[in-house]
Amino acid sequence: MKKNIVIVVSAMNMGGAQRVVSILCNYWSQSGYAVTLIATFSREKINHFRLNEDVTLKYLSNNPFVPTNNACNLVWKFIQLRKLIKSRNPDVVISFLTRVNVATALSTFGIKSSLIICERTWPPFASLSNRFFWMYRLLFKGIDKIIVQTDKSKTWLSQNFPGKDVDVVPNPMVYPLPVHGRSVSPDSVIPQNKKVILASGRLHKFKQFDLLIRAFSHVKDKHPDWDLIILGDGEERDDLNQLVCSLEVVDRVYFPGKVGNMSEWYERANIFVLSSVVEGFPNVLLEAMAYGLPCISFDCDTGPRDMIQDGINGILVSPNEKELGLSKAIDKFISNEDFRSSIANNSILLRDKYSVGNIIQKWNDVIDI
């Protein structure tokens with residue numbers, strides 16, 4: 001018997017959870033399952049990921065009587081979500097992201113459908129107050145499974161939410177990557193005779209692009225034919241531009257903004273660097289490795305170490321080494337082409353390990369298909 005599946009997410013904007021949701025929706029709908037996707041965010045309805053026509057897409061709306069009252073909107077959405085789930089009568093409900101997980105757990109109280117929640121931050125439920133964990137433990141008693149992306153997150157949940165059934169399912173890697181949104185040709189940004197150190201992500205302090213820029217400034221004179229490109233947009237853009245000016249690397253560091261043609265940029269780049277202080281399971285690092293890029297990453301608590309074996313298919317840098325650690329790793333890659341090539345050859349192996357087929361099989365096991 002084919003499953004009836006409901007998936008709940010905040011919105012289908014650009015993001016790791018949203019990419020996974022689109023893959024699951026499309027795969028299961030193509031396999032003949034009834035799939036309903038509910039987006040809880042009621043303002044901007046921009047879908048960055050293409051969904052099959054067979055996927056039923058539903059949006060929650062604000063309270064029509066007091067649309068600017070946040071408390072009223074939350075209650076209104078809770079009622080809508082519960083009604084929608086009951087009307088679909090699903091075999092399983094899967095929710096993504098912490099606040100949506102809480103709302104879905106409340107909305108499915110007393111409903112017989114299996115509930116699976118997906119936590120993607122480190123530590124899990126990082127946005128929830130520790131003082132109320134006793135309440136969340138009660139709320140999540142009715143949950144059948146919690147899905148996380150790393151073994152470390154599973155260990156944390158086993159300690160803090162004892163007795164819960166926790167499975168590790170990493171993100172799948174779509175190869176080759178489809179184009180989503182605005183395309184910017186690398187040739188329009190950087191001369192063809194230049195080699196590229198690439199980074200990508202929201203311009204946010206957690207991504208530590210300031211450290212990366214400083215690290216690059218230490219090696220730029222030694223390697224004049226290499227430039228740094230940082231893809232993405234965010235609140236740190238002005239500060240990063242000021243830093244570039246103060247370090248006098250304006251003609252060596254580029255900010256093309258957010259792009260949808262990541263495959264072209266991975267193919268154009270020669271090295272990829274992830275400078276984040278914290279990550280869950282960084283899609284951008286997995287993508288870069290699958291495209292055969294030699295990658296450098298800070299060894300933050302979760303994520304990079306699940307992909308990179310230091311010195312074999314990438315370089316892990318202790319976060320305590322900060323910009324100097326990054327600059328040494330960058331210099332090591334640039335200065336040793338044979339080492340760089342060996343790392344690149346090994347990093348491509350992740351393409352199969354994290355293929356959609358392999359990861360979908362893990363999901364099928366989770367929902368017992």
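The values are calculated or read from the model by the stated rules, or taken from the named source; none is laboratory data. No experiment lies behind these values; they were computed from the predicted model shown. Cβ placement follows ideal geometry from the backbone for every residue including glycine, while neighbour counts extend to all protein chains displayed.
Among the helices (runs of 4 or more DSSP H) lying completely within the range 216-298, list those that include at least 2 residues that are under 18 Å from I190 (Cα atoms) and more than 19 Å from the chain's Cα centre (by Cα).
Those helices (runs of 4 or more DSSP H) span 237-246, 262-268.
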Tell me, yes or no, whether the range 321-338 has at least one residue that is surrounded by 22 or more Cβ atoms within 10 Å (Cβ to Cβ), assigned by TED's automatic domain parsing to the domain that holds D227, hydroxyl-bearing (S, T, Y) and more than 20 Å from the chain's Cα centre (by Cα).
-> yes
For residues in the range 345-369 being in a loop (DSSP other than H, G, I, E, B) and of a type outside the set (A, V, I, L, M, F, W, C), which is farthest from G311 (Cα to Cα)?
-> D368
Report those helices (runs of 4 or more DSSP H) wholly inside the range 84-180 carrying at least 3 residues which are more than 25 Å from T40 (Cα to Cα).
-> 151-160
Can you tell me how many residues in the range 7-33 are in a helix (DSSP H, G or I), under 12 Å from the mean Cα position of the chain (by Cα) and of a type outside the set (K, R)?
-> 5
Selected residue (criterion: surrounded by the most Cβ atoms within 10 Å (Cβ to Cβ)) from residues of the range 153-187 that are more than 20 Å from the chain's Cα centre (by Cα) and among the acidic types (D, E) = D165
Of S95, S113, the only residue that is within 27 Å of I360 (Cα to Cα), surrounded by fewer than 23 Cβ atoms within 10 Å (Cβ to Cβ), in the same structural domain as F65 (by TED's automatic domain parsing) and hydroxyl-bearing (S, T, Y) is S113
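Rundown of residues vs (1) surrounded by fewer than 17 Cβ atoms within 10 Å (Cβ to Cβ); (2) modelled with pLDDT of 95 or more, yes/no style:
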position: L231; (1), (2): no, yes
position: N241; (1), (2): yes, yes
position: P256; (1), (2): no, yes
position: V278; (1), (2): no, no
Which of (1) surrounded by 19 or more Cβ atoms within 10 Å (Cβ to Cβ); (2) modelled with pLDDT under 95; (3) aliphatic (A, V, I, L, M) is the odd one out, the single condition I38 does not satisfy?
-> (2)
Among the residues of the range 109-127, which ones are more than 18 Å from D301 (Cβ to Cβ) and touching a Ser or Thr at 6+ places or on another chain (Cβ under 9 Å)?
-> L115, I116, I117, C118
Answer yes if at least one residue in the range 125-135 is of a type outside the set (F, W, Y), in the same structural domain as M14 (by TED's automatic domain parsing) and under 22 Å from D368 (Cβ atoms), and no otherwise.
-> no
